[in-house]
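Participant: Once you've had a glance at the structure underneath, I'll fire off some questions.
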Amino acid sequence: MTTLDQVPIRRALVSVYDKSGLEELVRGLHEAGVTLVSTGGSAALIEGLGIPVTKVEDLTGFPECLDGRVKTLHPKVHAGILADRRLDSHVQQLADLGVEPFDLVVSNLYPFRETVASGATPDECVEQIDIGGPSMVRAAAKNHPSVAIVTSPARYGEVLAAVAAGGFTLAQRQRLAAEAFTHTASYDVAVASWMGSVLTDTSEGTGFPAWVGATWEKAAVLRYGENPHQPAALYRSESAPGGGGLAGAEQLHGKEMSYNNYVDTDAARRAANDFAEPAVAIIKHANPCGIAVGADVAEAHRRAHACDPVSAFGGVIAVNRPVSVEMARQVAEVFTEVIVAPAYEEGAVEVLQGKKNIRILVCPVDEHPEAVEFRRISGGVLLQHVDHVDAEGDDPSTWTLATGEAASPEVLADLAFAWKACRYVKSNAILLAKDGASVGVGMGQVNRVDSCRLAVERAGERARGSVAASDAFFPFEDGPQVLIDGGVAAIVQPGGSVRDELTIEACKAAGVTMYFTGTRHFAH
Ligand SMILES: NC(=O)c1ncn([C@@H]2O[C@H](COP(=O)(O)O)[C@@H](O)[C@H]2O)c1NC=O
């Protein structure tokens with residue numbers, strides 16, 4: 001079979017919902033002598049420009065009908081798109097049938113995602129499921145050896161350049177075809193996801209639909225992955241609520257973000273953004289080495305940093321309010337890999353830019369944080385609801401006093417802070433806090449007593465009079481005993497061990513208050 005490298009563009013089918021850039025495109029096509037065929041709204045726009053255009057209904061002899069549900073779904077259109085002009089038999093059949101071939105199809109689809117996001121009714125959403133558009137796009141993409149398909153207004157400049165150059169090359173048509181199938185595949189995933197979870201419940205009451213699809217668009221190739229021998233890239237979710245999140249953050253300064261920077265920054269944002277008051281989290285290797293709230297961000301940062309200044313070196317900082325100049329000055333004193341904030345007050349970025357290497361990111365606090373998280377395992381993926389604050393058992397008024405005197409409002413506030421903060425620490429997690437700031441963190445140990453030792457050791461003298469939170473129950477009294485010996489005044493933990501009595505006895509003997517939350521906050 002012969003290969004058609006360049007196919008001159010003489011006849012184009014135009015049917016676009018997004019009409020941006022259409023005027024320049026059709027003017028350019030017309031000036032280059034390209035014949036235009038088009039659907040209702042697109043044809044009206046072209047006609048309005050004084051450019052000759054054949055309406056699809058005049059081509060087919062069949063009116064657009066059913067409120068636009070049937071426009072291009074006609075053999076005269078689809079035979080013109082699908083004829084493989086490398087085959088004499090196809091060329092002959094077109095001639096016999098009196099069908100003229102198309103060299104170019106320009107189409108983009110009804111705004112289904114946007115309609116769903118607007119809170120439209122199911123009927124309105126269904127009406128925005130494009131049928132004729134994807135059929136044309138897929139047909140032209142399949143037949144890329146003969147036809148060029150363009151789905152993005154961003155490509156219109158290339159179309160005009162190709163027309164002038166004698167047509168798209170085969171390699172260009174292949175790339176456009178791949179882009180077109182991405183366009184329709186991503187569209188269909190959005191439709192199928194909505195149908196299987198919003199329109200109807202395919203989860204059989206479990207809350208997890210029978211099928212889950214997601215589409216991701218390459219945003220950047222990273223220098224490398226977790227280690228230099230691992231190639232890596234960043235892909236952006238095409239269905240993320242608001243389309244933002246960390247993957248959509250704007251970088252104002254500094255070296256390119258690395259794979260590990262993204263992982264740590266994600267952990268940092270998650271920790272800082274869950275607090276209502278000004279909060280700062282400093283993360284190393286996905287664990288907080290300091291987390292604190294304050295009257296303002298500068299105070300929160302000072303206190304978070306003070307938790308473990310040694311580990312904060314080379315850390316990633318997230319803050320849930322605009323960075324002030326005062327905070328920027330403090331941050332600039334310490335080697336910091338990344339700072340991420342919803343905004344920067346005037347002058348703050350300039351102060352931070354004094355440090356050549358710090359990566360400065362702007363990323364709004366997510367209005368609708370993702371409710372479900374995925375974790376890949378070999379051959380599959382695990383889904384779970386994100387462990388957001390306000391889980392049952394997070395409100396101190398629901399806690400049970402297991403032993404000791406009821407905590408004063410100040411101590412209770414510290415316990416509530418510690419309980420909230422410890423969920424951002426990898427298990428087994430023990431977090432010591434005082435006055436709304438962590439003072440010692442024991443993370444990621446394979447037994448809870450070692451996490452207690454680590455937290456107390458890191459807190460040093462500050463352990464005395466602090467409060468402790470444990471992300472899960474104590475299986476034995478050895479862990480709590482370490483905390484008691486370190487001078488901890490009160491403990492909060494889920495409770496629920498068969499040996500809770502031993503832990504209660506140890507606290508009682510030391511006069512230490514202990515609350516049970518009934519909720520666990522493992523983070524693996
Ligand atoms: N039904 C059809 O035959 C049909 N053919 C093309 N469309 C869509 O109609 C839109 C363009 O319509 P108009 O040119 O009338 O503004 C495009 O988004 C295109 O994908 C159709 N609409 C829906 O399925």
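Participant: State the number of residues belonging to region 20-79 that are open to solvent by 30 Å² or more (accessible area, probe 1.4 Å), small (Gly, Ala, Ser) and part of a loop (DSSP other than H, G, I, E, B).
Facilitator: Qualifying residue count for the region: 6.
Participant: Go through (1) out of contact with any helix residue (DSSP H, G or I) (no Cβ under 7 Å at 6 or more places or on another chain); (2) open to solvent by less than 40 Å² (accessible area, probe 1.4 Å); (3) of a type outside the set (A, V, I, L, M); (4) more than 24 Å from Arg302 (Cα to Cα) and name the single condition Gly465 misses.
Facilitator: (4)
Participant: Which one of these does Thr3 not meet: (1) near the ligand (Cβ under 9 Å from one of its atoms); (2) in contact (Cβ under 8 Å) with a residue 40 or more places away in the chain; (3) open to solvent by 20 Å² or more (accessible area, probe 1.4 Å)?
Facilitator: (1)
Participant: Six or more apart or on different chains, Cβ atoms under 9 Å: show the pairs whose first residue is in region 447-460 and among the basic types (Lys, Arg) and whose second is part of a helix (DSSP H, G or I) and open to solvent by less than 20 Å² (accessible area, probe 1.4 Å).
Facilitator: Filtered contacts from region 447-460: Arg448/Gly479; Arg453/Gly479; Arg453/Gly486; Arg458/Cys307.
Participant: Considering only region 354-453, give the strands (runs of 3 or more DSSP E) lying wholly within it that have at least 3 residues that are under 30 Å from Glu256 (Cβ atoms).
Facilitator: Because the criterion is at least 3 residues that are under 30 Å from Glu256 (Cβ atoms), the strands (runs of 3 or more DSSP E) in region 354-453 that meet it are 359-362, 372-377.
Participant: Among the listed residues Glu367, Glu345, Glu337, identify the single one that is at pLDDT 95 or above, of a type in the set (D, E, K, R) and surrounded by fewer than 19 Cβ atoms within 10 Å (Cβ to Cβ).
Facilitator: Glu345
Participant: Please verify whether region 434-445 includes one or more residues that are farther than 30 Å from Gly245 by Cβ, modelled with pLDDT of 95 or more and surrounded by fewer than 21 Cβ atoms within 10 Å (Cβ to Cβ).
Facilitator: Yes: one or more hits.
Participant: Additional query: Under 7 Å by Cβ, and 6 or more places apart or on different chains, what pairs join a residue from region 64-82 that is more than 8 Å from the ligand (Cβ to nearest atom) with one that is open to solvent by 70 Å² or more (accessible area, probe 1.4 Å) and not in a loop (DSSP other than H, G, I, E, B)?
Facilitator: Ala79/Leu97
Participant: Something else about it: Quick check on my filter: what residues within region 476-496 are open to solvent by less than 10 Å² (accessible area, probe 1.4 Å) and of a type in the set (Val, Ile, Thr)?
Facilitator: Val488, Ile491, Val492
Participant: Looking only at residues that are in a helix (DSSP H, G or I) and among the β-branched types (Val, Ile, Thr) in region 160-189, which one is surrounded by the most Cβ atoms within 10 Å (Cβ to Cβ)?
Facilitator: Val163
Participant: For region 123-153, enumerate the residues that are closer than 11 Å to Ile81 by Cβ, out of contact with any strand residue (DSSP E or B) (no Cβ under 7 Å at 6 or more places or on another chain) and within 11 Å of the ligand (Cβ to nearest atom).
Facilitator: Across region 123-153, the qualifying residue is only Ser135.
Participant: Being open to solvent by 30 Å² or more (accessible area, probe 1.4 Å) and either touching a residue at least 40 places away in the same chain (Cβ under 8 Å) or not small (Gly, Ala, Ser) (or both) is the filter here; which residues of region 190-206 pass it?
Facilitator: Once the filter is applied, which keeps residues that are open to solvent by 30 Å² or more (accessible area, probe 1.4 Å) and either touching a residue at least 40 places away in the same chain (Cβ under 8 Å) or not small (Gly, Ala, Ser) (or both), region 190-206 yields Ser193, Met195, Val198, Leu199, Thr200, Asp201, Thr202, Glu204, Thr206.
The values are calculated or read from the model by the stated rules, or taken from the named source; none is laboratory data. Just so you know, these numbers come straight off a predicted model, no measurement behind them. With ideal geometry, Cβ positions are generated from the backbone for all residues, glycine too; neighbour counts draw on all protein chains shown. Note: accessible area is taken over every heavy atom of the protein model, side chains too, but ligands, DNA and RNA are not part of it. Shrake-Rupley method; radii C 1.70, N 1.55, O 1.52, S 1.80 Å.
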